[in-house]
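Peer 1: Just dropping this structure here.
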């Protein structure tokens, strides 16, 4: 009788993952790799074989146990089409990556594309077979690939989605999501706000998520639950990275991929590019959207939102003032001016820990503005992700509301 593999799509059944993505310990003299899929490996590579490191093994075990204890397998509302959109397959390197928006997706895809460039097995344009596989082929694909996904603390991901798509200048999301949020949450919304969707507050955004969930409406993939992206109870993932330990987890993958494919990619290949690429991206995006943005807000306000977004993300100090006034920004500021200002502000950071702490400060401030009843409703929405990936569903820094001051707003005070 042939092996029944239908459970991998239809339901959950734990797999023996002891031979998947063999890990390494930094103190080891050699990198430990998965050798079961390596052909013609050297003796040294064979000697580097080991069990997966405890941290990564625990993540897989926790997920499997949570899935086994569930009654519905956390299937969620995502369709096969939604799921397929999130899967990137690199057949040349036997990789199956499930992308979840707001969890370092761009960085990871850039990393895998660089792998394709350096190994000369593929080119950048065709690094992933995004549209060249069918769901009916999923079982055979999974049998021959390393399946990886990255997750993120759910509350911080909700805020990140809001900041990126609604707080920061983004005419596309203002027009679609912003207007929908206001129509569903704000009483007596004025015509300007309703036509632009530019001034959605974080409490309104949270209320919109709650209302959409109760009414069974699908959310944009930037806000939809983690588990709905990747079907973690139906697919046996070999590696789960976390945004909170992103660099460490990426280094683990890099060591594995470099030995598997004879490449020499380092984290610094990306780290050194981060400041300049972020400055270029922010400058280009703002100026590309300028005409459409100015139908709703002044260009100075849009620029200040961009600046504040980077302060919220812990890239620029909250004490660093934007170098141009409103008149210069509106009439004279060039794309290069903004690029240089952003690059200099990021490069001038002296206390990295202090600036990164702004992420937590902004998170606490944002959720402090959310009514308590909505905060607990949001918790219900996020509980499945918290359970599956071992996050606290009631983080003290968000739910401890003693001595909070709603009137002290430092990050979200631009409208």
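Peer 1: By average Cβ neighbour count within 10 Å, what is the ranking of 212-222, 58-68 from highest down?
Peer 2: 58-68, 212-222
Peer 1: What distance in nm separates the simple spin-label points at residue 65 and residue 392, each placed 7 Å from Cα in the Cβ direction?
Peer 2: Reported label-point gap for residue 65 and residue 392 is 2.0 nm.
Peer 1: Calculate, in nm to one decimal, what residue 408 and residue 106 gain on full extension: separation in residues at 0.36 nm each, minus their alpha carbon distance.
Peer 2: 105.3 nm
Peer 1: Ok, one more. Need one number: nm distance between label points at residue 190 and residue 369, each 7 Å from Cα along Cα→Cβ, rounded to one decimal.
Peer 2: With each label point 7 Å from Cα toward Cβ, the separation is 1.7 nm.
Peer 1: If you line up the Cα atoms of segment 274-350 on their principal axes, what length do they span on each, largest first, in Å?
Peer 2: 37, 22, 21
Peer 1: Quick one: give the max-minus-min coordinate of the C-alpha atoms of segment 138-268 along each principal axis, largest first, in Å.
Peer 2: The Cα atoms of segment 138-268 stretch 60, 35, 22 Å along the principal axes, largest first.
Peer 1: In the P(r) worked out for segment 262-415, what percent of Cα pairs fall beyond 20 Å?
Peer 2: 61 percent
Peer 1: Sort the following peptides by mean Cβ neighbour count (other Cβ atoms within 10 Å, averaged over residues), highest first: 397-403, 193-199.
Peer 2: Most protected by this proxy first, the peptides run 193-199, 397-403.
Coordinate-derived values only; no laboratory data. Values in this document were obtained by computation on a predicted structure and should not be read as measured data. Every residue, glycine among them, receives a Cβ derived from its backbone with ideal geometry; neighbour counts consider all protein chains shown.
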